[in-house]
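The values are calculated or read from the model by the stated rules, or taken from the named source; none is laboratory data. Since this is a predicted model, take the numbers as computed values, not measurements. Cβ placement follows ideal geometry from the backbone for every residue including glycine, while neighbour counts extend to all protein chains displayed.
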Amino acid sequence: MKDRIEVVVGDITQMQVDAIVNAANTSLLGGGGVDGAIHRAAGPELKEECRKLGGCPTGEAKITRGYRLPCRWVIHAVGPVWHGGTQGEEELLASCYRRALELAEEHGVRSIAFPAISTGAYRFPKDRAARIAVREIRCFLEAHPTIEKVFLVAFDEEMRGFYEKALEDEGLLRAKNDRDT
Ligand code: ADP
């Protein structure tokens, strides 16, 4: 399991994987942050396909092709806006990860990269989001061997630290010399 979940710092649009996950909004018509970066890198055909999907509820996900991106698929997951934690935000975020992984599996994806859904404009606390991501991904991978590799893409060192702490708490952090080889 330690080898199947890896933290990287960088731009998710550059990832050489079968699928990347987008932190989308319910319209699926694009926005700022990682959503904007994915749409810019994929080209206008992505928005065309998204338009046909008719939106997506919070906590759910939908899949499209990747167009000009290196990945074959983009899985658009809609995370919750953080309202203090009293409106089911944690369960909705967990649901996003589960639904994205289910769609990936259904499409034969073997490698997938996630951004830190909801931790930007949607203000979900980053440490909690990291713990939820690690827990849900671990749980799914334990039951589904076809997904070989999941990358947690941190956009900055602060987020990398939260992911590493969450992995460490689950006994999943690879030793430094493992990572360098
Ligand atoms: P949300 O609306 O779900 O909060 P954002 O796009 O605002 O989505 O932020 C989600 C996370 O994605 C943030 O941690 C942000 O730093 C990160 N992010 C922004 N651009 C990129 C990118 N190109 N690659 C990976 N992560 C990114």
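Quick notes on this structure:
- Residue among Lys52, Lys2 that is over 13 Å from His76 (Cα atoms), touching a residue at least 60 places away in the same chain (Cβ under 8 Å) and of a type outside the set (Ser, Thr, Tyr): Lys2
- Within region 16-38, residues that are within 20 Å of Ile112 (Cβ to Cβ) and within 8 Å of the ligand (Cβ to nearest atom) have Cβ atoms under 6 Å from residues that are in a loop (DSSP other than H, G, I, E, B) and at pLDDT 95 or above in these pairs: Ala23/Gly79; Ala23/Pro115; Ala23/Ile117; Gly33/Gly120; Gly33/Ala121; Val34/Pro115, counting only partners at least 6 apart in sequence or on another chain.
- When each of Leu167, Leu152, Leu173 is tested for being surrounded by fewer than 21 Cβ atoms within 10 Å (Cβ to Cβ) and out of contact with any His (no Cβ under 8 Å at 6 or more places or on another chain), the lone residue that passes is Leu173.
- Residue that is surrounded by the fewest Cβ atoms within 10 Å (Cβ to Cβ) [pool: residues in region 28-75 that are in contact with a Ser or Thr (Cβ under 7 Å, 6 or more places away or on another chain) and part of a loop (DSSP other than H, G, I, E, B)]: Pro57
- Remark: pairs (first residue in region 58-69, in contact (Cβ under 8 Å) with a residue 12 or more places away in the chain; second residue aromatic (Phe, Trp, Tyr); Cβ separation under 7 Å; 6+ apart in sequence or on different chains) = Ile63/Trp73; Arg65/Trp73; Gly66/Trp73.
Condition check ((1) near the ligand (Cβ under 9 Å from one of its atoms); (2) within 15 Å of the chain's Cα centre (by Cα)) across all residues:
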{"position": "Ala41", "(1), (2)": "yes, no"}
{"position": "Glu48", "(1), (2)": "no, no"}
{"position": "Leu53", "(1), (2)": "no, no"}
{"position": "Pro57", "(1), (2)": "no, no"}
{"position": "His76", "(1), (2)": "no, yes"}
{"position": "Val81", "(1), (2)": "yes, no"}
{"position": "Ala100", "(1), (2)": "no, yes"}
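- The requirement of being farther than 22 Å from Glu89 by Cα and either of a type in the set (Asp, Glu) or more than 15 Å from the ligand (Cβ to nearest atom) (or both) is satisfied by Arg110.
- For Ile117, the conditions (1) more than 16 Å from the chain's Cα centre (by Cα); (2) surrounded by 14 or more Cβ atoms within 10 Å (Cβ to Cβ) all hold with the exception of (1).
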